[in-house]
C-alpha cells in the first residue's frame, strides 16, 4: 500500500529547494501533492494552421524553423525572434530574456508551438510559446493541466513533480469509498479519477473524474458535520442557565437601542441557554451589525448564573477592543473582565491564570492564548469564538474541552447564503442579524480604472486636510513577477515619497510579528497615521471611527466577500465614508463584480453573487467554514451534487450513526483521516 503521508521532498524532482516552494502551496506530503488539483486546462492536442488562428487566441501550431534565431536588445530586455512556416504561411515566434533558447532550434526541423497568437496587419506572431520537437509530447500534443502557483515555481516543473507523484501511487492507491456507493452512484474508482483529474485524455475523462472526487469531498464533510451534531445531542447534559439571570437587566443599561434583529437573536440564545441541551449556535451578522453586544449579553447571563465565559478573537487588537467594549458596557455590574494575549508580561499572565482558576475572573477575553494547556477555568459555562473562519473546529473543540459541556456561540461577519450555511454548518443552529444599527452610515462605493489615480489621490488629500484617515489595501506582500501586482512595500515607498510626502504614511501586513501589527493599528486608531498601506490583514479588525476612505488596489483580484469585509472597516464613525475600487481588466465577470459592490451594501446579496461569479474555492479561501478547505468542490456549480450528497449522508447516519458497520469502514477511515484531531469518531 502507498504511504500518502510520505514527505513530499522524497518525490522525484523535488529536493530541498523545491520542497520549500511546495510547502508554500500547503503541499507537505505525497497525499497533498496528488490532491493539488488543476485550476483549469489548456487543450494543446489539436494543431491549427497559422492563418486559421484568430487574433488573441491560444493555439497549437506545427511549423518548420525557417532561419536561425535573431537577438534584439531593447531597453531593459532582450527579444529573441524565430521565423517559422507551415503550409498556410509564415509567422514569428517571440520570447523575451530567455537566452538559453538561442541554440535550441535547428533550421529545417519541425516543432510544435503553443502560445498566444497575434494576427494583425497580415503578420502572425506567437508570443512566448512553449514548444516540443515534432515527435515529443512534453508540453504539447495533449490536454495540459494548469495549477495555481507560487513565485519561482513554473507550471512545467510542478506538472512534472505531480506526474512523478502519480507514478508512485499507480496501482497502489487505496479506495476511500465503499463499493455500494461507487455502484449506486456510478462513480469512478479513485485510482482512475486521480489520474484523469490531472492528465485527462479527453475532457469527458476530466468530467467523470471530477464528479467522483467532488462527491467524496462533499460526502466526507457532510458525514463529519452530522457526527459533530450527533455528539452535541448525545454527549450528556449541557448547562441550564438561570431564568432569573435576565439579559434584559443589562439591555436596559445600554446607551443605545438594540435593533429588532438583535433582540430576536438574543431571544433565540436566551432560550438555548436556559435549556439543558448544550448550545451550539452560529451567529451570522454583517460587518457592523452589532454582534459584540450579543456576545456580551450572553456572557452576562452566564456569569449571573454562576459560570465563567471565554471570548476568543483572532487578533490581539480585536481582543483588546472587545475588552474595552465589555468593560464599558458592564461597568456597573460587578463583573470582572480580563484580557489574555501573548504580548502580556509573564508576571501578569501568571496572575491572570491564578485568578481564573480560582474563579476570580468572570469573563476572559483573548486570542489563541486562551486554548493553551495552562489556561484552566474554575467553571466555564460559555464559549464565544469571534470571526469563526479564523479558527476552525479543532481550536473551537480545544477551548470547549476546558468546561463541562459549555454553551458555544460562534460568530462570523462573513455572510454565507442561508441554504449554504445550513449545509456547511450542519453541526450548528443558525442565527442571523439581518439589520444594521440606525447609526451605521452607508459607504459610497466607486469602481474606477487606474487612469483616475491622480483624482483619487487629490480626493484623499482633501479628506486628510479635514482631519480624516485612509486605508490603502493591496493583495500581495512581495512582488510576484507572474501577477505583477503592487506589493505593500513598493506601494508604501511610492505613497510616502511621491504621492503624500507631507503626510504620515505607514504599512502593515500579515508577515509582521503580532506585536508590530498591534502597535501600528493602535497608532492608526489614535490618529498618528494618515494613510495606512495594508494587505487584507485589516479585514478583521479594530474600529477606527476617524478613517473614512478605503482604497483597494487591484480590486479584481479579491473576492466580493473580501471586498465587502474591507469596505466594512470604514463608515464606523460620524463622517461620510467612501470605498474606491481600483481595477484593471475589461472582462464581463470583472465588470459584474464591480457593479455588485457599487450597487449594494448587503453582505448576503454579495455572498450569493460571490459564489455565483467566483465559486467556493475563493469564497472559502481561508477555511471560513472551520473545516478543511474544499480542494475541488465548487459550492455554486456543485449545488446539485451537494444536495444529493446531503441526503446520502443522512441516510447513512440514520442507518449507522457511528459508522460501525463493516460496509462503512472506508467512510469511517476517510473522515478520521480528513478531520484528524478535529473530531473523534
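With more than 33 Å from the chain's Cα centre (by Cα) and closer than 30 Å to residue 670 by Cα as the only criterion, which of 50, 79, 1 stands out?
1
Filtering segment 141-157 down to residues that are in contact with a strand residue (DSSP E or B) (Cβ under 9 Å, 6 or more places away or on another chain) and either assigned to a helix (DSSP H, G or I) or free of Cβ contacts under 8 Å to residues at least 24 places away in the same chain (or both), which residue is nearest to residue 63 (Cα to Cα)?
Across segment 141-157, the extreme among qualifying residues is 156.
Does residue 501 satisfy the criteria of being in the same structural domain as residue 589 (by TED's automatic domain parsing), assigned to a loop (DSSP other than H, G, I, E, B) and closer than 15 Å to residue 491 by Cα?
Answer is yes for this residue.
Kindly check whether there is at least one residue in segment 121-130 that is under 26 Å from residue 207 (Cβ atoms), surrounded by 15 or more Cβ atoms within 10 Å (Cβ to Cβ) and not assigned by TED's automatic domain parsing to the domain that holds residue 25.
Of all residues in segment 121-130, those under 26 Å from residue 207 (Cβ atoms) come to 130.
Filter once more, keeping what is surrounded by 15 or more Cβ atoms within 10 Å (Cβ to Cβ): 130.
Now restrict to residues that are not assigned by TED's automatic domain parsing to the domain that holds residue 25: 130.
Yes: one or more hits.
Residue 321 - would you say it is in a helix (DSSP H, G or I) and over 30 Å from residue 648 (Cβ atoms)?
Against the criterion (in a helix (DSSP H, G or I) and over 30 Å from residue 648 (Cβ atoms)), residue 321 qualifies.
Hey, among 330, 323, which residue is within 22 Å of residue 379 (Cα to Cα), in the same structural domain as residue 266 (by TED's automatic domain parsing) and touching a strand residue (DSSP E or B) at 6+ places or on another chain (Cβ under 6 Å)?
323
Which one of 428, 476, 436 is modelled with pLDDT under 90 and more than 23 Å from the chain's Cα centre (by Cα)?
None of the other options fit; the residue is 436.
Does residue 2 satisfy being without any contact (Cβ under 8 Å) to a residue 24 or more places away in the chain, more than 30 Å from residue 85 (Cβ to Cβ) and either part of a loop (DSSP other than H, G, I, E, B) or touching a helix residue (DSSP H, G or I) at 6+ places or on another chain (Cβ under 8 Å) (or both)?
no
Look at residue 356 and say whether it is surrounded by 20 or more Cβ atoms within 10 Å (Cβ to Cβ), out of contact with any helix residue (DSSP H, G or I) (no Cβ under 6 Å at 6 or more places or on another chain), assigned by TED's automatic domain parsing to the domain that holds residue 408 and in contact (Cβ under 8 Å) with a residue 60 or more places away in the chain.
no
Any idea which of 183, 168, 227, 217 is more than 19 Å from residue 41 (Cα to Cα), without any contact (Cβ under 8 Å) to a residue 12 or more places away in the chain and not in a loop (DSSP other than H, G, I, E, B)? Full working, then the answer.
Details: 168 fails: without any contact (Cβ under 8 Å) to a residue 12 or more places away in the chain; 227 fails: without any contact (Cβ under 8 Å) to a residue 12 or more places away in the chain; 217 fails: without any contact (Cβ under 8 Å) to a residue 12 or more places away in the chain.
Checking each option against the conditions leaves just 183.
Within the group 586, 576, which residue is more than 21 Å from residue 487 (Cα to Cα), in the same structural domain as residue 524 (by TED's automatic domain parsing), surrounded by fewer than 24 Cβ atoms within 10 Å (Cβ to Cβ) and touching a residue at least 40 places away in the same chain (Cβ under 8 Å)?
It is 576.
Which numbered condition trips up residue 266, out of (1) at pLDDT below 95; (2) out of contact with any strand residue (DSSP E or B) (no Cβ under 6 Å at 6 or more places or on another chain)?
Exception for residue 266: condition (1).
Could you go through segment 278-289 and let me know if any residue there is in the same structural domain as residue 403 (by TED's automatic domain parsing), out of contact with any helix residue (DSSP H, G or I) (no Cβ under 9 Å at 6 or more places or on another chain) and part of a helix (DSSP H, G or I).
Checked against the condition, which is being in the same structural domain as residue 403 (by TED's automatic domain parsing), out of contact with any helix residue (DSSP H, G or I) (no Cβ under 9 Å at 6 or more places or on another chain) and part of a helix (DSSP H, G or I), segment 278-289 yields no hits at all.
The values are calculated or read from the model by the stated rules, or taken from the named source; none is laboratory data. Quick caveat: nothing in here was measured; it's all calculated off a predicted structure. A quick note on method: Cβ atoms are made from the backbone with ideal geometry, for glycine too, and the neighbour counts reach across all protein chains shown.
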